[in-house]
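First up is the structure itself, then whatever we jot down about it.
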Amino acid sequence: MSDTAPDPGDDLDRLPEDLTIRRVQKRIGTRKDVHDAEMMSEVMARAIVALWTRGVNYPDIADEFGISVATARMAVERVLADSLDDNEDKTIQRHRVSLQLDAFLRGVVDRALDKQDDQQLAYLRAALQVVDRKARLLGLDAPINVQLGLPSKDDLDQWVAAVTMFNGTASPIEGDPFDEIEMTEDPETGEWS
């Protein structure tokens, strides 16, 4: 046994047995995949993103367009990177993210509602997080806006007239009601009358 510690890069026991160069290339892509994604027409790339936004996975997209999974992923990444413009309308950005959240929700809602599924609670939690995120995106969780302000004298007079007409009572007399009352103190008892 040697006294030196093994190099972490030499630990071949951690690699899966079925790992091949082809599997790695399928996941991260080859130069050809990068070239295909860069040379792909804008229309095709946007069609790929439209499918991805609706929740279609990369292998299905790749089958649909006759490209590799890595090329499909790179096309989505390229279109999203190109579309993230600081000058772009926030409404368009919200719409895009809203579509993505809808796709995520469709991916978990079936299992979240399946009472026989052992992991129903985990999927339900995930579905609620997606719904919460969408509510925040759309501003539905914002506090209620209340305008505080004093009404004008004319507004108050109209309100008083409407209330007195509704109640069938006489309108109040303008002026200070305490002007006509004379309060005197009884010197013997100290009470006011």
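Inter-label distance, T184 to R94: 7.1 nm, where each label sits 7 Å from its Cα along the C-beta direction.
Subtracting the Cα-Cα distance of E42 and D110 from their residue separation scaled by 0.36 nm leaves 21.1 nm. Counting 0.36 nm for each residue step from A161 to D118 and taking away their Cα separation leaves a gain of 9.0 nm. With a Cα-only, solvent-free Debye model of the stretch 55-142, what are the log10 I(q)/I(0) values at q = 0.19, 0.24 Å⁻¹? With no solvent term, the Cα-only Debye profile gives -1.00, -1.10.
FYI, it's all coordinate maths here, none of it is from the lab. Predicted model only: the values in this text are computed from it and were never measured. Cβ sites come from the backbone with ideal geometry, for glycine too, and all protein chains shown count toward neighbours.
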